[in-house]
Amino acid sequence: MPTDIEKDEISGQYTTGHEWDGLHELNTPLPKWWLYTFYLCIAVAMAMFVLLPSIPWVHSYWHGTLGYSSRKVAMAEYAKMESLHADASRKIAAMSLADIRKDPALLETALTAGRITFANNCQPCHGAGGQGRPGFPNLADDVWLWGGKLSDIQTTVTHGIRSSDPDTRYSAMPTFGDDILTAQQIQQVADFVWVNFYGHAEPGVDTAPGAKIFADNCAACHGDKGQGGRDFGAPPLASHVHLYSESRDTIVAQVTKPRLGVMPNWGAKLDPATLKSVVLYVHSLGGGEE
Ligand code: HEC
Ligand code: HEC
């Protein structure tokens, strides 16, 4: 114990008695609250060391007296999620689409599952969020080939369009280029569709012959005003939304030899709950009809 402890005049504090080259060290101990907190931390750490898994041995480790393992906790959570998920799936499979929509919690589960199913199965063709691209219809707008009610969408998705399912939705626009219409008539009907329905002014073009050809050959499916025909999956022509690209050449190509898009029958691939979920998801994208 150094004996030359003295009071420092400037700070008013005692020195420790240590001195180097005339410099005296002030005695400023740690605050008590800090010190006790520090001791408490050591005590807690030692207790955790004993209670919880801590020391690694060569082939194993100290498991702790509580027997806790984060793996066990995660597996228990996982099992709980699994059973919740199985419950929800069973409910979705058993309930009608309309009833699922009346149950907000179940609907939310279904929409989440539907979004994931859509991303995995439908997005490659219909694009993210179902915005579509030429040949693959936009599913988020209110223009529909076969209908936008829940039941319409369910039929389309379950059985597909021109698919291998015996109950597939089916219609075939005729191949007018195969001797049904002459090349000149195809140009004329394309003029009529381009000007009157797609709405592109072409001064000097006479659309009267095309109008007659349309009424005779096309109106049965596409409607006399080009409003489309859902019984045939015939797109509305009097619209700014088109299944294929908006160009006169595309109209000529489609009339000459229609492409007849194919949509797979998902009923053969998705379980009932997953299928219903994706139908609800598509219906929720913005174009769903009541
Ligand atoms: C291989 C490409 C492809 C995949 C994958 C695909 N579709 Fe389609 N889908 C199409 C095509 C092509 C059409 C339009 C067919 C036509 O020309 O009439 C279509 C049409 C539809 C329609 C009808 C739209 C309307 O306007 O009536 C719905 C609904 C639909 N698809 C939903 C889905 C859902 C849901 C999935 C995923 C489970 C999916 N599609 C996956 C190609 C695909
Ligand atoms: C039997 C019914 C049917 C008849 C008749 C028919 N179409 Fe179609 N049309 C369809 C269907 C179905 C589609 C879309 C399917 C596909 O090809 O993928 C379509 C698509 C089209 C498209 C593409 C529309 C778009 O949104 O991109 C044009 C243009 C068209 N038809 C014009 C005509 C014209 C012109 C005629 C008469 C010369 C005609 N169609 C006769 C059923 C028909």
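The values are calculated or read from the model by the stated rules, or taken from the named source; none is laboratory data. Everything numeric here is computed off the predicted structure, so don't read it as measured data. Please note: Cβ atoms are built from the backbone with ideal geometry, for glycine as well, and neighbour counts cover all protein chains shown. Please note that ligands, DNA and RNA were not included when accessible areas were found on the heavy atoms of the full protein model with its side chains. Shrake-Rupley method; radii C 1.70, N 1.55, O 1.52, S 1.80 Å.
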*Among helices (runs of 4 or more DSSP H) lying entirely in the range 105-210, which contain 2 or more residues that are out of contact with any Asp or Glu (no Cβ under 6 Å at 6 or more places or on another chain) and among the polar types (S, T, N, Q)?*
150-159, 183-192
_Step by step: first the residues of the range 226-255, then only those that are crowded, with 16+ Cβ neighbours inside 10 Å and in a helix (DSSP H, G or I), then the one that is nearest to ligand 1 (Cβ to nearest atom). Which residue is that?_
Gln254
*If Gly135 passes every condition in (1) within 16 Å of ligand 2 (Cβ to nearest atom); (2) touching a residue at least 40 places away in the same chain (Cβ under 8 Å); (3) crowded, with 16+ Cβ neighbours inside 10 Å but one, which one does it miss?*
(3)
_I'd like to know if the range 37-44 contains one or more residues that are small (Gly, Ala, Ser) and either under 30 Å from Ser277 (Cα atoms) or surrounded by 11 or more Cβ atoms within 10 Å (Cβ to Cβ) (or both)._
no
*asked:* Checking the conditions here, which among Leu111, Leu145 is open to solvent by 20 Å² or more (accessible area, probe 1.4 Å), touching a Pro at 6+ places or on another chain (Cβ under 8 Å), on the phi < 0 side of the Ramachandran plot and within 15 Å of ligand 1 (Cβ to nearest atom)?
replied: Leu145
*Which one is nearest to Ala110 (Cα to Cα) among residues in the range 271-287 that are in a loop (DSSP other than H, G, I, E, B) and open to solvent by 30 Å² or more (accessible area, probe 1.4 Å)?*
Ser284
_I'd like to know if the range 93-100 contains one or more residues that are open to solvent by 60 Å² or more (accessible area, probe 1.4 Å), at pLDDT 95 or above and assigned by TED's automatic domain parsing to the domain that holds Leu150._
yes
